[in-house]
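The values are calculated or read from the model by the stated rules, or taken from the named source; none is laboratory data. None of the values given here were measured: they were computed from a predicted structure. Don't worry about glycine lacking a Cβ; one is built from the backbone with ideal geometry, like all the others, and counts go over all protein chains shown.
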Amino acid sequence: MSVTYPAVDATERAAAEAVVELRRAMAAFPRFNSAHEGFAVLLEEVDELKAEVWKSPSKRDPSAMRKEAVQVAAMALRFLVDCCGE
């Protein structure tokens, strides 16, 4: 008997979206020059997500929040890759 876990499927989809965005960003932009630059880029993405989240509930766009959250995840991964070594 096979059991499915919808939360795992959603997690895998979200992680896959972040990896796709990470690869796009890595192809389009050079690696971070420093941890300070990486943090600044990550903070910018968090600020963009914050702007979406802080809208009144009636004006929030779930797809816009998802897009920004994916970019946050991708830049966090990029920070790990570019600034933290193996």
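Report yes if some residue within the stretch 72-86 is of a type in the set (V, I, T) and crowded, with 16+ Cβ neighbours inside 10 Å; otherwise report no. Yes, the stretch 72-86 has at least one match.
Taking each residue of the stretch 14-28 that is within 17 Å of A64 (Cα to Cα) and looking for partners that are polar (S, T, N, Q) and surrounded by 15 or more Cβ atoms within 10 Å (Cβ to Cβ) with beta-carbon atoms closer than 8 Å, six or more apart or interchain, yields E21/Q71. Consider E37 carefully, then state whether it is closer than 23 Å to G85 by Cα, under 11 Å from the mean Cα position of the chain (by Cα) and surrounded by 12 or more Cβ atoms within 10 Å (Cβ to Cβ). Criteria not met by E37.
Residues that are in a helix (DSSP H, G or I) and among the acidic types (D, E) within the stretch 52-86 comprise E52, E68, D82, listed in sequence order.
Answer yes or no as to whether A10 is of a type in the set (A, V, I, L, M, F, W, C) and modelled with pLDDT of 95 or more. Spelling it out, it is not the case that A10 is of a type in the set (A, V, I, L, M, F, W, C) and modelled with pLDDT of 95 or more.
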